[in-house]
Amino acid sequence: MASPRVSVIIASTRPHRIGHQVAQWVLDAVPADLHVTVHDLREIGLPFLDEPGQPADGHYAHEHTRQWSAKMLATDALVLVMPEYNRGYNAALKNAIDYLYAEWEGLPVGCVGYGWHGASYAKSALRQTLERVKMTVVDGPGLAFGKTLTQEGVVSAGHEDDQALAAMFEELRAKARTKVPTVAHD
Ligand SMILES: Cc1cc2nc3c(=O)[nH]c(=O)nc-3n(C[C@H](O)[C@H](O)[C@H](O)COP(=O)(O)O)c2cc1C
């Protein structure tokens, strides 16, 4: 069987974000046999949802939607590297999820949150959205300011976080999607 393809999404789009440093900690732990691709929402630059139709219909008017869809259809598992903003997850991530629908079905997803208290509020808000679009949610670590992460983005995760990250990748591998959903794309 081919190596599962894992996409790591950097959710923060802020100019002075620390998300890419947290993402580097995640990337350093990807098992060698997984095929990893990074999708940076700041680089992808999706506009605020501008599709005329319902994403659940799968008929996309815009090239940026078709490109985003193609990226998510070409992955077997997902890792979201995500900050907590105002006790929720960031708007750019919600927007990126809202753009698509069928693409998410059956996709195993692990969330690496960061913030005060390990982004626990953001993670629990995100879980509801991920379950709504029928993703398979896998536990992931949360990095906490003042404990395992500095506000400048230096990760000092300990054994527990490293273990949680490794366990997340194992579960993503075990649950990797094998059947690509059908999307109309016209
Ligand atoms: C608009 C905004 C709201 C925030 N609200 C929270 C919050 O509710 N809880 C928290 O733990 N951190 C909060 N923070 C702090 C962020 O976790 C911190 O700035 C982090 O670096 C954001 O990730 P980023 O730099 O990758 O964008 C907030 C930051 C911003 C910009």
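Quick check on my filter: what residues within the range 100-123 are closer than 29 Å to Ala61 by Cα and of a type in the set (Phe, Trp, Tyr)?
We begin by selecting, within the range 100-123, every residue closer than 29 Å to Ala61 by Cα; these are 100-109.
Of everything in the range 100-123, those that are closer than 29 Å to Ala61 by Cα and of a type in the set (Phe, Trp, Tyr) turn out to be Tyr101, Trp104.
Here is a list: Leu130, Leu126. Which entry is within 30 Å of Asp57 (Cα to Cα), at pLDDT 95 or above and within 16 Å of the ligand (Cβ to nearest atom)?
Leu126
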> Among the residues of the range 141-161, is any under 21 Å from Val30 (Cα atoms), open to solvent by 40 Å² or more (accessible area, probe 1.4 Å) and in a helix (DSSP H, G or I)?
Replying inline: yes
> Which residues, counting only those in the range 107-122, are within 16 Å of the ligand (Cβ to nearest atom), open to solvent by less than 50 Å² (accessible area, probe 1.4 Å) and on the phi < 0 side of the Ramachandran plot?
Replying inline: Cys111, Val112, Gly113, Tyr114, Ala122
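Please enumerate the residues belonging to the range 25-44 that are touching a residue at least 12 places away in the same chain (Cβ under 8 Å) and within 16 Å of the ligand (Cβ to nearest atom). Give the steps one after another, and end with the answer.
Restricting attention to the range 25-44, the residues satisfying the condition of being touching a residue at least 12 places away in the same chain (Cβ under 8 Å) are 25-27, 29-31, 33-42, 44.
Trp25, Val26, Leu27, Val38, His39, Asp40, Leu41, Arg42, Ile44, listed by residue number.
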>> Return the pair list, or none, for Cβ contacts closer than 8 Å from residues in the range 162-186 that are under 18 Å from Gly118 (Cβ atoms) to residues that are part of a loop (DSSP other than H, G, I, E, B) and among the charged types (D, E, K, R), at least 6 apart or on different chains.
In response: Ala164/Asp139; Ala167/Asp139; Met168/Asp139
> Taking only pairs six or more apart or across chains, which ones have beta-carbon atoms under 6 Å, a first residue in the range 106-135 that is within 21 Å of Ala166 (Cα to Cα) and touching a residue at least 12 places away in the same chain (Cβ under 8 Å), and a second residue that is β-branched (Val, Ile, Thr) and within 16 Å of the ligand (Cβ to nearest atom)?
Replying inline: Gly110/Val79; Val112/Val26; Val112/Val81; Tyr114/Val22
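For the range 46-95, give me each residue that is within 16 Å of the ligand (Cβ to nearest atom) and either of a type in the set (Lys, Arg) or more than 16 Å from Ile9 (Cα to Cα) (or both). Break it down into steps so the answer makes sense when it comes.
So the first thing to find is which residues in the range 46-95 are within 16 Å of the ligand (Cβ to nearest atom), and the list is 79-95.
Listed by number, the residues that qualify are Tyr85, Asn86, Arg87, Gly88, Lys94.
The values are calculated or read from the model by the stated rules, or taken from the named source; none is laboratory data. Every value quoted in this text rests on a predicted model; they were computed, and no experiment measured them. Positions of Cβ are backbone-derived with ideal geometry, glycine not excepted, and every protein chain shown enters the neighbour counts. What goes into the accessible areas is simple: the full protein's heavy atoms, side chains included, and nothing from ligands, DNA or RNA. Shrake-Rupley method; radii C 1.70, N 1.55, O 1.52, S 1.80 Å.
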